[in-house]
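Heads up, the thing below is written out as structure tokens.
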Amino acid sequence: MITFRYLMQLLLFLSVPLSASAETTSCNSKINEKSVSLQYDSADEELFSNYTWREIFLRGWGEITCPAFVTLRHLTPGITDAERSIFCLNYEKDSKIFTGYSVGQRDAYLVCVKPSKKFCERVNESKDTAIAITGAAFGATGSAALATAGTGITAVAHSSGAVILTGAGGYIAGTLASIGAGALAILTAPAAIAATTISVVAVGGSVYLCKE
């Protein structure tokens, strides 16, 4: 019997260059006008969970030949695929390039359903910092402590295990400084402090800053 997974594997095999090996496949992505050569395992089980029929048949990325999930993995190293589920890709239709990634719901191509002006970047890889942010946000009771403390910051727990703090740049910087979440010097930069709204995402052992 031909299973859905078998068909997906067959379609994925047919969609990659014939010069590729049985499992390791080379592909191209384009991020902010820069072409990037990437590799992925075409037999990767997690890839099939994030590679839809629509993308296989209808993807029109121009120079981009990589599955969108491969590009997202490249942009968010150091975390698991489950933790990565909080992020979606920003895609510029006119120039047909990826411009980064944000926190948000994905469409069939892993592109953000609601395009955001906020772009995320990893600013810290300290597990201690991520734990400190999570503890400050939800405390020992698991309640959204910061959201009710009059700080002007909202704290949201995502199904991926991530904790998202959102608020004015000055409030966020001050709060993280008060809990000893060091190594986040980028948050004290004038551009971050002056930002109307920023988000700090603690997921796995990494911390991300999302701002306009």
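The values are calculated or read from the model by the stated rules, or taken from the named source; none is laboratory data. Keep in mind it's a predicted model, so treat the numbers as computed, not measured. Quick reminder, even Gly has a Cβ in these numbers, built from the backbone with ideal geometry, and neighbours come from all protein chains shown.
If I filter region 43-59 down to residues being assigned to a loop (DSSP other than H, G, I, E, B) and touching an Asp or Glu at 6+ places or on another chain (Cβ under 8 Å), which single residue comes out as modelled with the highest pLDDT?
Ala43
In region 71-96, what count of residues is obtained for those that are of a type in the set (A, V, I, L, M) and surrounded by 21 or more Cβ atoms within 10 Å (Cβ to Cβ)?
Result for region 71-96: 4.
With the requirement that a residue be at pLDDT 75 or above, aliphatic (A, V, I, L, M), over 14 Å from the mean Cα position of the chain (by Cα) and assigned to a loop (DSSP other than H, G, I, E, B), what does region 106-151 give you?
Ala108
Of the numbered conditions (1) under 19 Å from the mean Cα position of the chain (by Cα); (2) part of a loop (DSSP other than H, G, I, E, B); (3) at pLDDT below 90, Pro77 fails exactly one; give the number of that condition.
The single condition Pro77 does not satisfy is (3).
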